[in-house]
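Student: Structure below; questions to follow.
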Amino acid sequence: MTTIYKQILAAKSQKNKLLAILIDPDKVLIGNLSILIQKINQSPATHIFVGGSSFEGTYFDEIIMRLKAEITLPILLFPGNPSQISDKADGILFLTLLSGRNPDYLIEHQVNAVPILNKTNLEIISTGYILIESGNETAVERVSKTKPIDRSKAEYALQTAQAGIFIGNQLIYLEAGSGAQMAVPKEMIELVSKNINVPLIVGGGIRSKQEIENAFSAGADLVVIGTAFENNIDFFTS
């Protein structure tokens, strides 16, 4: 079993909650990285995720190298497609979009990623990614061309999560999507967390410290904060 995943499992068993800051490379200005890094180091984050639904830039490796040089936290890739794989990171969430039925995001991108991953030493963590309806069309929905699970269908979200675990996913990620109007419902987090035996990640639509705590209290093992931190890098210090 690999190191980062072991640490996540240990945190779950000890009921230690984890927090990831998601860095979308499309929204990062290289000139502002020093300030961003300073704010991350002042935050309670335990992990850094890097990636997005799409990336048009050419400085993906540079962003990760700068982060690694000045931050001691594990850096995990959170890729929208194989072009967002960098051997400069520590690991990768190897995502399967379980909530969708687009074969590109169920297997095609994964197959295309293999030759790239085989040339790296990245820790690969199989992750079942489940998009939950959040009140508006998010970038994930638009790019993947898949529909999210209705936010009122907690049982179906659980069924989907359990299918992912049966397939072999090591993590389950309930995602409202970047810029979501509404976060994943508390009742859904509670139901899924009580009925799976792997760590649960929850992200999307979380705009306040209280909403982070709400997700934790509902059963999330790791909460991801992205847009709120992008919009206000003093999110954790103000």
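The values are calculated or read from the model by the stated rules, or taken from the named source; none is laboratory data. Just so you know, these numbers come straight off a predicted model, no measurement behind them. Quick reminder, even Gly has a Cβ in these numbers, built from the backbone with ideal geometry, and neighbours come from all protein chains shown. Remember, those area values only see protein heavy atoms, side chains included, never the ligands or the DNA or RNA. Shrake-Rupley method; radii C 1.70, N 1.55, O 1.52, S 1.80 Å.
Student: Counting only residues that are within 16 Å of G177 (Cβ to Cβ) and modelled with pLDDT of 95 or more, which one in segment 80-97 is surrounded by the most Cβ atoms within 10 Å (Cβ to Cβ)?
Tutor: The qualifying residue surrounded by the most Cβ atoms within 10 Å (Cβ to Cβ) is L95.
Student: Which residue pairs have Cβ atoms under 8 Å apart, sit 6 or more places apart or on different chains, and have a first residue in segment 59-77 that is over 14 Å from F49 (Cβ atoms) and in contact (Cβ under 8 Å) with a residue 24 or more places away in the chain and a second that is of a type in the set (D, E, K, R) and open to solvent by 60 Å² or more (accessible area, probe 1.4 Å)?
Tutor: Close Cβ pairs satisfying both conditions: D61/K88.
Student: Right, another one. Name, by its number, the condition in (1) closer than 25 Å to L19 by Cβ; (2) touching a helix residue (DSSP H, G or I) at 6+ places or on another chain (Cβ under 9 Å); (3) of a type outside the set (A, V, I, L, M); (4) open to solvent by less than 20 Å² (accessible area, probe 1.4 Å) that does not hold for G100.
Tutor: (1)
Student: If you don't mind, there's one more thing I want to ask. Has segment 40-48 got any residue that is touching a residue at least 60 places away in the same chain (Cβ under 8 Å), in contact with a helix residue (DSSP H, G or I) (Cβ under 9 Å, 6 or more places away or on another chain), assigned to a strand (DSSP E or B) and under 20 Å from D221 (Cβ atoms)?
Tutor: Yes, there is a match, as at least one residue in segment 40-48 is touching a residue at least 60 places away in the same chain (Cβ under 8 Å), in contact with a helix residue (DSSP H, G or I) (Cβ under 9 Å, 6 or more places away or on another chain), assigned to a strand (DSSP E or B) and under 20 Å from D221 (Cβ atoms).
Student: Looking at the structure I just gave you, is V114 under 18 Å from V223 (Cβ atoms), in a helix (DSSP H, G or I) and at pLDDT 95 or above? Working first, answer last.
Tutor: Numbers: under 18 Å from V223 (Cβ atoms): no; in a helix (DSSP H, G or I): yes; at pLDDT 95 or above: yes.
Spelling it out, it is not the case that V114 is under 18 Å from V223 (Cβ atoms), in a helix (DSSP H, G or I) and at pLDDT 95 or above.
Student: Restricting to segment 38-77, name every residue that is within 25 Å of I212 (Cα to Cα), out of contact with any Lys or Arg (no Cβ under 7 Å at 6 or more places or on another chain) and among the hydrophobic types (A, V, I, L, M, F, W, C).
Tutor: Matches in segment 38-77: I40, A45, I48, F49, V50, L67, I71, L73, L76, L77.
Student: Hey, another quick one. For Y173, state whether it is touching a residue at least 60 places away in the same chain (Cβ under 8 Å), open to solvent by less than 30 Å² (accessible area, probe 1.4 Å), closer than 22 Å to F55 by Cβ and outside any loop (DSSP other than H, G, I, E, B).
Tutor: yes
Student: Can you tell me which of (1) more than 18 Å from the chain's Cα centre (by Cα); (2) more than 22 Å from L77 (Cα to Cα); (3) surrounded by fewer than 15 Cβ atoms within 10 Å (Cβ to Cβ); (4) free of Cβ contacts under 8 Å to residues at least 60 places away in the same chain is the one K119 doesn't meet?
Tutor: Condition not satisfied by K119: (2).
Results for (1) assigned to a loop (DSSP other than H, G, I, E, B); (2) among the hydroxyl-bearing types (S, T, Y); (3) open to solvent by less than 50 Å² (accessible area, probe 1.4 Å), shown as yes or no for each residue.
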position: N16; (1), (2), (3): yes, no, no
position: G52; (1), (2), (3): yes, no, yes
position: I63; (1), (2), (3): no, no, yes
position: R66; (1), (2), (3): no, no, no
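Student: Quick check on my filter: what residues within segment 122-144 are of a type in the set (S, T, N, Q), modelled with pLDDT of 95 or more and either surrounded by fewer than 20 Cβ atoms within 10 Å (Cβ to Cβ) or part of a loop (DSSP other than H, G, I, E, B) (or both)?
Tutor: Within segment 122-144, S126, S134 qualify.
Student: Could you grab me the full set of residues in segment 213-238 that are open to solvent by 10 Å² or more (accessible area, probe 1.4 Å), β-branched (V, I, T) and within 17 Å of the chain's Cα centre (by Cα)?
Tutor: Once the filter is applied, which keeps residues that are open to solvent by 10 Å² or more (accessible area, probe 1.4 Å), β-branched (V, I, T) and within 17 Å of the chain's Cα centre (by Cα), segment 213-238 yields only T227.
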